[in-house]
Amino acid sequence: MSAAVGIALTGSGAASPARVVTNDELSLWLDTSDDWIRSRTGIAARRIATADDSLESLSSQAAQQALEQAGWRPDQVDLILLATSSPEDLFGSAPAVQAALGASNAVAFDLTAACSGFLFALITAAQYIRSGACRRVLVVGADLLSRWVDWQDRRTCVLFGDGAAAVAMEAAPEGWDGLLTMVMRTDGRRRGCLTMAHQVTPQVLHDHLHAGFGGFRPIAMDGQEVYKFAVQQVPLVLTQVLEQAGLTAEQLDWLLLHQANERILASVAQRLGVPAAKVLSNLGSYGNTSAATIPLMLHEAVEAQRIRPGHLIASSGFGAGLSWGAALLRWGRPDAT
Ligand code: UT7
């Protein structure tokens, strides 16, 4: 793909609530078991936000860390994109991150695409850099879905956890590109498979004016439909980004998928012919943190020096919408390879 300006992924950060909730703890009030959850999903524990935690504060901590790793000053940030489906203000939580960082020259706004949100935000951010409109962008993926699940619905509540993570992305010198190829897709006809739907409570203002008061229903999911969708569509978009780049799966250093289910990770890897050792997973500790899964896993792998500068990573996000996408990434900046 010809690029106006190259992209470099130069920093990462993450922040999670301190409270760990194990599968056994869930079975204190739910008809579930550690064995069922582990064998069907690979999840052993998740972090759950307490009333003292906030999405805006976790997002700010993650973004601050990414900014420091990239070596930027806050006033050098041009754009902060916050991918979330659980903002603390429906008008947008990104400006709170801007204020916490003191990124006085940035514009900050939210992007909503559920579990595909981080990948869509990363791709969106890249367009601002390629066009020359921005030089330095912080892309944050954060969700506290524990506040939006029905804690009596064992089909959904055991799956999700809370977290925030961020990546710093900047214009790269000529000849380097950290976002080689990408694909984004949605199928709105299947939006009913996974919802956090609007709910209106009628309110009578006077005899001739019956208005509504807005709210949301808890998360509802047809798990089997979403599972089938993921194992069918994710390998297709990953193959597409590899073909666009003229590369093969053998050339990948890592496969970095949205962390929804260990069985989905294994199935996609097998379809692509990627060995298990190259499949990144932290599902066991965090569960599905929605927009945060990909940058959270990325940050852990960078910190552990598993992902190193120059490594080639195929990433795919998928979820409600239905939405899905893939991108081929190269980590780091050219002088660090
Ligand atoms: O992030 C967005 C993307 N989301 C996903 O990718 C999720 C995709 N879907 C999945 O990962 C899987 O479909 C689930 C993990 C959600 C469910 O696994 P499954 O193997 O599809 O189970 P199932 O829904 O077919 O349920 C099997 C049985 C049912 O009992 P019966 O009807 O066979 O008697 C459920 O009621 O397991 C029961 N069940 C549970 N049992 C114990 C469902 N949830 C639980 C639970 N504990 N937590």
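None of the figures in this text is laboratory data; all of them are computed from the coordinates on show. Computed from a prediction, not measured in an experiment: that's the story for all the values here. Here the Cβ positions follow ideal geometry from the backbone for every residue, glycine too, while neighbour counts run over all protein chains shown.
Only residues of segment 114-153 count here: report those whose backbone N is under 19 Å from the spot 7 Å along Cα→Cβ of Arg40, or say none.
Zone members listed by number: 146, 149-153.
For the residues His198, His299, what sequence is obtained by ranking on other C-beta atoms within 10 Å, fewest first?
Final ranking by Cβ density, sparse to dense: His198, His299.
Put +1 on the Cβ of each Lys and Arg and -1 on the Cβ of each Asp and Glu in segment 48-155; which of Ala83, Gly141, Tyr128 then has its Cα farthest toward the positive end of the dipole?
It is Tyr128, whose Cα lies furthest towards the positive end.
If you stretched the chain out fully between Asp335 and Arg263, how much longer would it get, using 0.36 nm times the residue separation minus the C-alpha to C-alpha distance?
So the chain would gain 22.2 nm between Asp335 and Arg263.
With the cut-off at 1.5 for a/c, could you classify segment 6-172 from its C-alpha gyration tensor as rounded, prolate or oblate?
Because a/c hits 1.5 or more and a/b exceeds b/c, segment 6-172 counts as prolate.
Quick one: if the Förster radius is 41 Å, what FRET efficiency do Glu174 and Arg306 give, using the C-beta to C-beta distance and rounding to 0.05?
After rounding to 0.05, the efficiency reads 0.90.
How far, in nm, would the chain grow between Gln224 and Thr50 when pulled straight, counting 0.36 nm per residue and subtracting the alpha carbon separation?
That pair, Gln224 and Thr50, stretches by 59.6 nm at full extension.
Return the sequence-ordered ³J(HN,Hα) values of segment 19-36 in whole Hz as given by the Karplus equation 6.51 cos²θ - 1.76 cosθ + 1.60 applied to θ = phi - 60°, using x for Gly and Pro.
6, 9, 10, 7, 4, 4, 5, 4, 6, 5, 10, 10, 7, 8, 8, 4, 4, 4
Quick one: which residues, 5 or more positions from Gly11 or on another chain, have an amide H under 5 Å from its amide H? H modelled 1.01 Å from N in the peptide plane, none for Pro or chain starts.
Ala168
Once every DSSP H run of n ≥ 4 in the chain is given -39500 (n - 2.57) and the sum is divided by its residues, what mean residue ellipticity at 222 nm do you get, rounded to the nearest 500 deg cm²/dmol?
Taken over the chain, the calculation gives -9000 deg cm²/dmol.
Is the shape of segment 277-337 rounded, prolate or oblate, going by the alpha carbon gyration tensor and its root eigenvalues a ≥ b ≥ c, with a/c under 1.5 for rounded and a/b larger than b/c for prolate?
oblate
Which order do Ile80, Ile294, Ile48 fall in if you start with the one that has the fewest other Cβ atoms within 10 Å?
Least crowded to most crowded, the residues run Ile48, Ile80, Ile294.
Whole-Hz ³J(HN,Hα) for each residue in segment 108-122, computed from phi via Karplus 6.51 cos²θ - 1.76 cosθ + 1.60 with θ = phi - 60°, x for glycine and proline: what do you get?
Karplus values, whole Hz, x for Gly and Pro: 10, 8, 8, 9, 10, 8, 6, 6, 8, x, 5, 5, 5, 5, 4.
Taking the Cα centre as origin and putting +1 on Lys and Arg beta-carbons and -1 on Asp and Glu beta-carbons, what dipole magnitude results for segment 6-172, to the nearest 20 debye?
So the magnitude is around 520 debye.
Could you pull the Cα extents of segment 33-92 along its three principal axes, largest to smallest, in whole Å?
Principal extents (largest minus smallest coordinate, Cα): 49, 28, 20 Å.
At what distance in angstrom do the alpha carbon centres of segment 62-100 and segment 230-244 lie from each other?
Segment 62-100 and segment 230-244 have Cα centres separated by 30 Å.
Applying the Karplus parametrisation 6.51 cos²θ - 1.76 cosθ + 1.60 with θ = phi - 60° to the phi angles of segment 139-154, what ³J(HN,Hα) value in whole Hz is obtained for each residue in order, glycine and proline being reported as x?
Per residue, the Karplus-derived 3J(HN,Hα) values read 10, 10, x, 8, 8, 10, 6, 4, 7, 10, 9, 8, 6, 9, 9, 5 Hz.
For a test of the definition: using alpha carbon positions, the gyration tensor, and the 1.5 limit on a/c, classify the chain as rounded, prolate or oblate.
oblate
By how many nm would the segment from Thr201 to Glu88 lengthen if fully extended, with 0.36 nm per residue of separation less the alpha-carbon distance?
Between Thr201 and Glu88, full extension yields 38.6 nm more.
Do you know the relative contact order of the chain, to the nearest whole percent, from alpha carbon pairs under 8 angstrom that are 6+ apart?
25 percent.
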